[in-house]
Amino acid sequence: MITIADQFGIKEALKQLGIEEINEGTSTGAANFANGKIIESYSPADGTLIGKVKTSSKEDYEKAMQQASEAFLEWRMVPAPKRGDIVRQMGDELRKFKEPLGKLVSYEMGKSLQEGYGEVQEMIDICDFAVGLSRQLYGLTMHSERPLHRMYEQYHPIGTVGIISAFNFPVAVWSWNAMIAWVCGDVAIWKPSSKVPLCGVACQNIIKTVLKRNNVPEGVSCLVTGNESGDLINNDKRISLVSFTGSTRIGRHVSKTVAERFGNTILELGGNNAIIVSEHADISMVLVGAVFGAVGTAGQRCTSTRRLIIHESVYDKTISVLKNAYGQLQIGNPLDENNHVGPLIDKGAVQDYLDAIESAKKEGGKIIVEGGLVEGEGYESGCYVRPCIIEAENHFDIVQTETFAPILYVMKYSTIEEAIALQNGVPQGLSSSIFTNSMREMELFLSQSGSDCGIANVNIGTSGAEIGGAFGGEKETGGGRESGSDAWKAYMRRQTNTINYGTQLPLAQGIKFDL
Ligand code: NAD
């Protein structure tokens with residue numbers, strides 16, 4: 001029988017990525033900080049065991065941290081544009097490995113092959129961004145109130161950055177953080193999700209050749225695996241910044257633990273994103289934005305569209321168009337480009353999805369498009385579900401909760417102010433959007449009394465973002481920003497410097513202190 005792995009050249013891809021002894025327990029990358037328990041990685045596409053990865057024990061973690069700390073002393077002295085040049089080479093290396101790495105992302109995580117390649121492209125893009133940034137780590141100069149004084153600020157590397165990433169972006173989130181951290185002069189210790197560990201090993205293998213070629217210590221990029229390492233990172237005073245991407249539940253724990261030791265965090269947590277469909281919307285555009293937003297990546301993006309807030313005058317028409325589109329969705333193997341919807345990550349996620357539908361029904365939700373588990377030939381992994389649509393009210397507990405699955409809640413509104421209040425009326429604040437051709441509605445939505453989210457789009461869905469902007473959200477999404485714009489400032493420590501080049505010592509605020 002020809003398996004998905006045979007058909008799509010997965011074994012060949014693993015080989016190219018340096019992951020060969022998959023059944024012996026691949027060690028995790030450069031400095032081999034992994035001699036602990038073994039975790040197994042199964043593909044949600046077909047339920048096949050892809051490989052086994054050794055996790056990091058406490059001792060392995062300690063070794064990794066020591067190497068990272070030593071590497072920092074060297075790396076911070078490398079001029080930033082030179083660090084940028086090394087990151088440029090990493091981008092070139094990722095270009096070479098785009099195909100096998102994209103395939104692995106798709107097969108291990110379950111997102112479509114196009115999205116797998118897209119994720120690697122995002123890594124390449126952030127490398128390019130970081131190269132430019134390496135010559136632009138600017139501080140301001142201020143005028144001193146004292147004569148013959150000069151005042152300015154400068155940014156220094158912050159130290160070791162701990163990166164803890166979620167399963168749904170197995171490689172891109174790491175690169176958003178690591179590439180920026182590296183040009184800033186920091187070193188990175190990465191704990192990938194235990195659900196997609198092979199992606200972590202593959203990235204480390206790609207990066208280590210660049211480090212070696214440039215005689216850079218391996219400790220600049222450390223990989224540790226297993227959940228135990230997560231808590232070691234949270235509690236480790238040597239880690240100045242923890243960039244955590246994951247659920248609000250775990251993020252709350254990370255936030256408290258790191259704050260307790262006065263460490264810094266970037267928190268990128270759950271979303272509950274809505275699209276407002278105005279009576280002035282172009283419904284054909286809504287269709288693409290809403291359907292891709294709700295069912296793309298099987299609803300497993302932090303920016304997935306979870307709620308559709310539709311003007312009462314276009315409600316029936318929008319629902320009818322959506323029902324028709326949902327009827328045409330092809331569910332199946334994510335590596336096959338004819339399919340629109342791949343699997344959920346595992347059976348636990350399927351159970352959460354089924355439970356959420358039951359809860360919505362109990363709270364009074366009306367099923368518009370029926371969901372459920374997809375079974376039969378081609379669906380043996382038990383991870384494929386049907387995208388569903390439920391008419392619901394915003395205050396339902398289940399609507400207030402992020403379920404990481406393709407469930408779309410729809411509801412009506414009559415005034416734009418009401419729509420904005422519904423959109424903002426959830427604990428999360430990541431991504432939001434309005435489809436409208438009315439300039440007044442658009443500006444209101446983007447104004448200070450409009451969307452309360454970190455991302456607010458017009459005539460674009462909620463899902464996905466470009467690397468050039470600062471990415472992140474408010475409220476229970478955690479308030480962190482990463483990737484583009486000036487997000488780099490979180491990876492550095494700011495120092496204010498005042499120099500007196502006169503012969504007197506005047507005090508600030510005119511204070512007299514005569515001796
Ligand atoms: P999760 O919270 O279950 O796991 C995230 C990471 O935390 C994993 O690497 C996990 O191993 C690790 N972890 C587990 N226990 C830990 C501990 N005690 N200390 C430190 N780390 C620990 O999330 P998930 O299921 O992998 O991902 C889905 C969630 O991530 C969703 O809520 C989604 O919205 C969110 N997410 C947010 C963004 C964003 O940018 N806002 C991006 C992607 C995913």
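The values are calculated or read from the model by the stated rules, or taken from the named source; none is laboratory data. Note that the structure is predicted; figures quoted are calculated from it, not measured. All Cβ positions, even for glycine, are placed from backbone atoms using ideal geometry, and neighbour counts span all protein chains on display. Just the protein is used for accessible areas: all its heavy atoms, side chains included, with ligands, DNA and RNA removed. Shrake-Rupley method; radii C 1.70, N 1.55, O 1.52, S 1.80 Å.
Do we have LEU422 as under 25 Å from ALA290 (Cα atoms), of a type outside the set (Gly, Ala, Ser), touching a residue at least 40 places away in the same chain (Cβ under 8 Å) and surrounded by 13 or more Cβ atoms within 10 Å (Cβ to Cβ) here?
Judged against the criteria, LEU422 is a match.
With THR401, THR436, THR415 as the choices, which residue is of a type in the set (Ser, Thr, Tyr), open to solvent by less than 20 Å² (accessible area, probe 1.4 Å) and either assigned by TED's automatic domain parsing to the domain that holds GLY327 or within 21 Å of THR297 (Cβ to Cβ) (or both)?
Sole residue among the options that is of a type in the set (Ser, Thr, Tyr), open to solvent by less than 20 Å² (accessible area, probe 1.4 Å) and either assigned by TED's automatic domain parsing to the domain that holds GLY327 or within 21 Å of THR297 (Cβ to Cβ) (or both): THR436.
So if I check each of ILE309, ILE319, which one is outside any helix (DSSP H, G or I) and either outside the structural domain of LEU408 (by TED's automatic domain parsing) or hydrophobic (A, V, I, L, M, F, W, C) (or both)?
Exactly one residue qualifies, and that residue is ILE309.
Taking the criterion of being in contact (Cβ under 8 Å) with a residue 40 or more places away in the chain and open to solvent by 20 Å² or more (accessible area, probe 1.4 Å), would at least one residue in segment 442-452 satisfy it?
Scanning segment 442-452, I find no residue that is in contact (Cβ under 8 Å) with a residue 40 or more places away in the chain and open to solvent by 20 Å² or more (accessible area, probe 1.4 Å), so the answer is no.
How many residues does segment 192-217 hold that are out of contact with any Phe, Trp or Tyr (no Cβ under 9 Å at 6 or more places or on another chain) and not in a helix (DSSP H, G or I)?
The qualifying residues number 2.
From the residues in segment 458-474 that are open to solvent by 30 Å² or more (accessible area, probe 1.4 Å) and within 17 Å of SER304 (Cα to Cα), which one is nearest to the ligand (Cβ to nearest atom)?
The extreme case among them is ALA465.
Considering only segment 191-217, state which residues are over 18 Å from GLU99 (Cα atoms), in contact (Cβ under 8 Å) with a residue 40 or more places away in the chain, more than 16 Å from the ligand (Cβ to nearest atom) and not β-branched (Val, Ile, Thr).
LYS208, LEU211, ARG213, ASN214, PRO217 - these are the residues of segment 191-217 that are over 18 Å from GLU99 (Cα atoms), in contact (Cβ under 8 Å) with a residue 40 or more places away in the chain, more than 16 Å from the ligand (Cβ to nearest atom) and not β-branched (Val, Ile, Thr).
Can you pull out the residues in segment 218-265 that are within 12 Å of the ligand (Cβ to nearest atom), open to solvent by 40 Å² or more (accessible area, probe 1.4 Å) and in a strand (DSSP E or B)?
Passing the criteria: only THR265.
Scan (1) in contact with a strand residue (DSSP E or B) (Cβ under 6 Å, 6 or more places away or on another chain); (2) modelled with pLDDT of 95 or more; (3) over 16 Å from ALA13 (Cα atoms) for the single condition LEU73 breaks and write down its number.
Single failed check for LEU73: (1).
Assuming THR496 fulfils every condition listed in (1) more than 16 Å from the ligand (Cβ to nearest atom); (2) hydroxyl-bearing (Ser, Thr, Tyr); (3) assigned to a loop (DSSP other than H, G, I, E, B); (4) under 26 Å from TRP182 (Cα atoms) apart from one, which condition is it?
Condition not satisfied by THR496: (3).
Being out of contact with any Cys (no Cβ under 9 Å at 6 or more places or on another chain), part of a helix (DSSP H, G or I) and of a type outside the set (Ser, Thr, Tyr) is the requirement here; does GLY116 meet it?
yes
Is there a residue in segment 457-480 that is within 30 Å of GLU279 (Cα to Cα) and free of Cβ contacts under 8 Å to residues at least 12 places away in the same chain?
Within segment 457-480, not a single residue is within 30 Å of GLU279 (Cα to Cα) and free of Cβ contacts under 8 Å to residues at least 12 places away in the same chain.
Look at ALA325 and say whether it is open to solvent by less than 10 Å² (accessible area, probe 1.4 Å) and in a helix (DSSP H, G or I).
Judged against the criteria, ALA325 is not a match.
Could you check, for segment 273-282, whether at least one of its residues is within 16 Å of the ligand (Cβ to nearest atom) and modelled with pLDDT of 95 or more?
Yes.
Out of curiosity, is ASN457 at pLDDT 95 or above and part of a strand (DSSP E or B)?
Answer is yes for this residue.
Could you please give the count of residues in segment 341-378 that are in contact with a Pro (Cβ under 8 Å, 6 or more places away or on another chain) and open to solvent by 10 Å² or more (accessible area, probe 1.4 Å)?
Here the count works out to 5.
Only residues that are more than 11 Å from the ligand (Cβ to nearest atom) and either in a loop (DSSP other than H, G, I, E, B) or without any contact (Cβ under 8 Å) to a residue 40 or more places away in the chain (or both): list them for segment 284-302, please.
Passing the criteria: SER284, LEU287, VAL291.
Quick check on my filter: what residues within segment 147-168 are among the hydrophobic types (A, V, I, L, M, F, W, C) and either assigned to a strand (DSSP E or B) or within 16 Å of the ligand (Cβ to nearest atom) (or both)?
Selection gives MET151, VAL161, ILE163, ILE164, ALA166, PHE167.
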